[in-house]
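Only one structure is covered here, and it is reproduced in the block below.
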Amino acid sequence: MLDNLKDFASHFFVTGDPLIYGADVAIGLTMAAIIFVLFYFKKWGWLWREWLTTVDHKKIGIMYIIASLLMLFRGGVDALLMRAQLALPNIHFLQSEHYNEIFTTHGTIMILFMAMPLMFGLFNIAVPLQIGARDVAYPFLNALSFWMFFFGAMLFNLSFVIGGSPAAGWLAYPPLSELTTSPGVGENFYIWGIQLSGVGSLASGINFTVTILKMRTKGMKLMDMPLFSWSVLASCLTILLAFPVLTVTLALLFIDRFAGAHFFTMLHGGNPMMYVNLIWMWGHPEVYIVVLPAFGIYSEVVSTFSKKKIFGYKSMVFSLMIISVLGYFTWVHHFFTMGASANVNAFFAITTMAIAIPTGVKIFNWLFTMFRGRIRITQPMLWTLAFIPTFLVGGATGVMLAVAPADYQYHNSYFLIAHFHQTLIGGVVFGYLAGLYYWWPKMFGFKLNVKLGLWAFWLWNIGFYVCFMPQYALGFMGMTRRVYTYGWDMGWAPLNLISSIGAVFMGIGFIFQVWQILYSIKYGERDTTGDPWDGHTLEWSIPSPAPEYNFAVLPEVKGRDDFWRRKEEGLDNKIKEKDLKPIHMPKNSGIPFIMSAFWFVAGFGFTFGWTWMIVIGLAGVAGCMLARSFSKNNDYYIPVEQIRKTESKYGRLV
Amino acid sequence: MKKRGLLNGIKAAGLVAFAAFFLSGCSSDQLIVLDPKGPVGRTELHLIYLSVLLCAIVVIPVLAILVYILVRYRDKPGNKALYQPKWDDSKVLEVIWWGIPIVIIGILGVYTVKGVHTLTKPPVKNVNPITIQVTSLDWKWLFEYPDQGVATVNYVEIPAGVPVQFELTADGPMNSFWVPQLGGQEYTMPGMAMRLWLQADQPGTYFGSGANFTGEGFAHMRFNVIAKPQSEFNQWVKHVKDTAPAMTNDDYAKLKKQGLSHVKSYSSYPEARFRKVIDKNGGQYMNMDQNKNDMSNMDMKH
């Protein structure tokens with residue numbers, strides 16, 4: 001009995017690596033500390049009522065952001081471990097298998113559990129406020145989206161200490177990811193972690209599409225919308241078409257692994273190329289899904305901090321939409337070398353290059369928004385300015401990669417690694433950081449410290465170039481991605497060492513940002529006006545942090561940049577007492593949290609093939625759905641008295 | 001933050017980047033992609049240069065404009081530069097910056113299409129090509145010479161100046177066959193035979209590797225491509241025929257097992273092994289047009 005138990009535990013828990021034992025201890029201590037603090041300060045009730053059951057888009061946004069910053073930390077540590085292993089030839093810091101797990105989890109986490117939630121966090125924070133809405137279209141679904149993402153991410157992360165992590169690359173190409181070549185539970189964790197969070201992403205895509213189309217305030221035409229909201233619409237429309245493909249692809253792979261089907265093995269008539277096509281039909285639009293909102297943020301930031309209307313608004317909208325459409329016609333460029341005919345490769349080469357056209361137009365429009373403006377170098381603006389050269393070079397190397405015959409040389413090399421990190425960090429991460437600094441006062445009511453922010457900014461930027469520029473050269477030197485070691489004879493050592501140093505710089509930059517947040521909670525400049533940046537759009541017309549109902553009286557707008565117009569015309573922000581009416585709001589609900597937790601249980605059961613656990617999990621899910629469908633008491637009215645109290649606290653009531 | 005600080009910062013970042021790129025001991029002979037030794041690699045290099053040049057036409061002026069605008073339109077007291085907060089539209093400017101990228105992509109597109117088609121044909125027409133069948137295994141490379149009857153593991157000898165048609169497959173996870181100095185790569189996939197034309201102009205030893213991740217031993221899947229004058233190549237074949245052992249089905253089964261391998265030579269190999277491995281991995285479902293260089297005529301029969 002004891003031996004059986006020991007045997008089970010040695011398979012169940014990941015063993016044999018001191019790094020992982022260290023992590024086990026750290027995880028245990030952190031959990032214990034959190035539980036202790038919650039008990040000690042008697043905060044369980046508060047946590048449940050205010051956060052775990054909330055359907056308030058602003059709180060959900062904050063939870064998304066916290067979760068994604070934690071994932072950024074995990075993905076960043078993965079990156080540093082890899083760069084440590086590659087810093088010099090023949091290092092024995094990580095074994096091959098461990099290295100393979102780390103790059104797989106690094107890629108998956110950074111795209112799906114860091115970039116996506118950070119993006120949804122910013123959607124949640126800004127979109128309803130920008131379009132003058134009191135919440136998203138489906139608040140309950142919004143909470144469910146978040147918890148599905150959260151439990152999906154937790155399931156994926158669990159593989160690190162239990163059962164073993166996936167090691168077949170972040171897109172898990174078969175046949176490598178099939179049962180014969182990846183027999184452990186790692187790929188199952190991968191499939192179920194992404195499936196759960198993918199459902200959340202798809203639901204968010206639906207939610208924000210409907211929110212933007214149906215919930216704009218009075219007078220706001222589509223062509224009056226702030227560009228961030230436009231970019232969210234473009235991104236969400238792309239999600240609607242891309243994420244179902246991901247769901248189906250992973251489901252088929254799981255059926256291959258779980259039920260012995262052969263969708264993606266050549267034996268019995270399947271085809272791994274089918275998987276590669278399918279996964280990139282999601283995967284390529286996915287990069288536009290994450291970068292389009294960043295483009296929206298840059299547009300807001302550049303316009304605000306140049307004290308100017310955005311240049312070429314219609315062009316900007318058109319280019320956003322055309323990118324989201326063209327994004328669907330480029331997926332083959334991820335495998336030009338997989339034997340498609342010359343004509344197919346030529347088609348996808350040209351559609352890929354064509355993406356550079358609307359993207360380039362956006363850069364010109366940003367430049368000419370600054371032209372004849374008055375540029376204030378604030379923290380959001382700094383990141384936006386840093387983005388332009390970074391993305392220009394990243395875009396140029398993207399065009400280089402799109403030249404199919406030349407791509408035969410870049411494919412799977414470090415040139416490619418440098419390119420996509422340049423666009424994803426320079427485009428997406430810089431953009432989301434700009435957005436985070438921009439909307440931070442709106443979220444929390446204080447600004448982030450500038451001095452620490454500058455340290456973080458320069459460490460990130462210098463580190464970025466030091467890390468990734470050498471990788472272009474390494475690509476030309478024949479270094480391929482995903483090698484865990486190399487010899488002195490290759491001549492790759494100096495550049496790899498420099499690259500690793502750059503990665504450390506970025507890591508320190510991140511630490512400065514954490515410090516900046518902690519420091520500013522205590523000492524940050526408080527935002528009493530609700531409009532700390534002299535903003536142009538509606539979110540700045542209400543107090544910071546926004547009251548739970550957002551707008552005491554829904555505004556009526558007359559065109560773009562309506563808040564700016566009001567300020568120019570000398571109109572104040574006051575609310576007339578006679579306009580106040582009770583506000584209809586959704587009630588909090590524990591169901592999204594509980595149902596996602598049951599999904600987690602089911603996912604864990606599927607991962608290990610434990611039928612009893614699958615049954616419990618799915619039964620719980622069904623129970624939650626039933627409970628929700630029979631619950632009638634789902635909304636309430638905020639009484640006028642309470643609105644009056646809140647608004648007069650901010651001095652906005654006449 | 002003062003303006004000087006920002007500009008100095010940008011300069012510093014730029015300098016570091018350039019220093020990292022150029023001064024770090026990556027002499028040009030190590031940048032093997034930029035130092036091709038055959039017509040295929042050269043075609044690709046010319047496209048690389050063309051794309052860099054065309055991109056530079058946009059990137060460099062835009063960077064210059066960015067710096068100019070940042071300096072001139074900073075929000076500081078006494079800045080006399082024109083301020084037009086409502087100026088947000090100019091048809092002429094928009095036409096220019098939609099137009100320039102369209103023209104550039106148009107030019108690059110034409111050369112890309114030409115290049116894609118060029119690479120599907122043998123690089124030179126007046127010499128008879130040779131065929132080498134490549135199988136990527138866990139985690140080694142097997143090369144077979146159907147005309148010469150010999151086989152090698154983890155190294156491959158080719159005659160210089162002769163176009164080589166590599167036929168590629170995998171008996172295991174898919175990999176990618178890459179010899180940067182001779183030209184670009186192509187995937188090896190189970191159940192399929194892909195084709196890649198390469199050619200070495202002159203004798204020499206060229207670095208080759210697997211480029212698509214295949215698991216634990218992937219980093220060690222490197223091989224040398226040794227190009228020799230035709231006469232020496234013939235001697236080498238003869239030498240292998242005379243001295244190396246024959247590869248049996250058992251030998252192949254051993255090679256297929258996961259693990260690394262030293263370089264090996266075989267004087268012969270089991271008949272039609274390459275075809276059999278393709279069929280065994282599901283190739284019987286595929287009916288590829290033997291005369292085509294790609295899978296455009298692929299027919300799945302089931």
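The values are calculated or read from the model by the stated rules, or taken from the named source; none is laboratory data. As the structure is a computational prediction, the values presented were derived from the model and not from experiment. Note that we place each Cβ from the backbone using ideal geometry, even for glycine, and neighbour counts take in every protein chain shown.
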Evaluate the range B:99-116: report whether one residue or more is touching a Gly at 6+ places or on another chain (Cβ under 7 Å) and either assigned to a helix (DSSP H, G or I) or not aromatic (Phe, Trp, Tyr) (or both).
-> yes
Sort out which residues of the range B:110-141 are within 10 Å of chain A (Cβ to nearest Cβ), in contact (Cβ under 8 Å) with a residue 40 or more places away in the chain, of a type in the set (Val, Ile, Thr) and surrounded by 17 or more Cβ atoms within 10 Å (Cβ to Cβ), and write them in order of number.
-> B:THR112, B:THR118
Considering A:LEU19, A:LEU38, A:LEU29, which residue is farther than 20 Å from A:PHE160 by Cα and not aromatic (Phe, Trp, Tyr)?
-> A:LEU38
So the helices (runs of 4 or more DSSP H) completely within the range A:53-169 holding 2 or more residues that are surrounded by 24 or more Cβ atoms within 10 Å (Cβ to Cβ) and aromatic (Phe, Trp, Tyr) are A:116-130, A:139-158
Taking first residues from the range A:411-438 that are away from every other protein chain (no Cβ under 14 Å) and second residues anywhere that are crowded, with 24+ Cβ neighbours inside 10 Å and among the small types (Gly, Ala, Ser), the pairs with Cβ under 7 Å that are 6 or more apart or on different chains are A:GLY427/A:ALA294; A:VAL428/A:ALA115; A:VAL428/A:ALA294; A:GLY431/A:ALA294; A:TYR432/A:ALA294
Of B:ASN234, B:ASN291, B:ASN297, the only residue that is modelled with pLDDT of 95 or more and over 26 Å from B:ASP138 (Cα atoms) is B:ASN234
Determine if the range B:72-87 includes at least one residue that is more than 8 Å from chain A (Cβ to nearest Cβ) and touching a residue at least 60 places away in the same chain (Cβ under 8 Å).
-> yes
Just give me the residues in the range B:132-170 being among the small types (Gly, Ala, Ser) and under 21 Å from B:THR243 (Cβ atoms), in sequence order.
-> B:GLY149, B:ALA151
Return the total of residues in the range A:396-410 being within 7 Å of another protein chain (Cβ to nearest Cβ) and farther than 14 Å from B:GLU186 by Cβ.
-> 5
Top-ranked residue in the range A:486-504 [being surrounded by fewer than 20 Cβ atoms within 10 Å (Cβ to Cβ) and either touching a Leu at 6+ places or on another chain (Cβ under 9 Å) or not small (Gly, Ala, Ser) (or both); ranked as farthest from the other protein chains (Cβ to nearest Cβ)] | A:VAL504
Could we say that A:ILE297 is farther than 22 Å from A:LEU241 by Cβ, under 22 Å from the mean Cα position of the chain (by Cα) and in a helix (DSSP H, G or I) here?
-> yes
Output for the range A:240-282, where each listed residue is surrounded by fewer than 18 Cβ atoms within 10 Å (Cβ to Cβ), away from every other protein chain (no Cβ under 12 Å) and not hydrophobic (A, V, I, L, M, F, W, C) | A:PRO244, A:THR247, A:GLY260
Hey, among B:ASN154, B:ASN175, B:ASN126, which residue is at pLDDT below 95 and among the polar types (S, T, N, Q)?
-> B:ASN126
Residue set B:LEU47, B:LEU66; condition under 18 Å from A:LYS308 (Cα atoms) and in a helix (DSSP H, G or I); output residue B:LEU66
Spot the failing condition for A:VAL483; the list is (1) assigned to a helix (DSSP H, G or I); (2) within 13 Å of chain B (Cβ to nearest Cβ), and only one is missed.
-> (1)
Considering each of B:LYS228, B:LYS280, B:LYS254, B:LYS238 in turn, give the residue that is on the phi < 0 side of the Ramachandran plot, surrounded by 14 or more Cβ atoms within 10 Å (Cβ to Cβ) and more than 9 Å from chain A (Cβ to nearest Cβ).
-> B:LYS228
For B:GLY204, work out the one condition from (1) surrounded by fewer than 24 Cβ atoms within 10 Å (Cβ to Cβ); (2) more than 7 Å from every other protein chain (Cβ to nearest Cβ); (3) free of Cβ contacts under 8 Å to residues at least 60 places away in the same chain; (4) not β-branched (Val, Ile, Thr) it doesn't fulfil.
-> (3)
Out of (1) within 23 Å of B:ALA211 (Cα to Cα); (2) within 14 Å of another protein chain (Cβ to nearest Cβ), what's the single condition that is false for B:ILE158?
-> (2)
Flag if B:PRO180 is touching a Gly at 6+ places or on another chain (Cβ under 7 Å) and at pLDDT below 95 = no
Given the structure, is A:ASN157 over 30 Å from A:GLY219 (Cα atoms) and within 14 Å of another protein chain (Cβ to nearest Cβ)?
-> no
Kindly check whether there is at least one residue in the range B:87-109 that is polar (S, T, N, Q), out of contact with any Phe, Trp or Tyr (no Cβ under 7 Å at 6 or more places or on another chain) and surrounded by 15 or more Cβ atoms within 10 Å (Cβ to Cβ).
-> no
Going through the range A:363-380 one residue at a time, which ones are surrounded by fewer than 23 Cβ atoms within 10 Å (Cβ to Cβ) and more than 7 Å from chain B (Cβ to nearest Cβ)?
-> A:THR378
Condition met for A:PHE598 (part of a helix (DSSP H, G or I) and surrounded by 13 or more Cβ atoms within 10 Å (Cβ to Cβ)) = yes
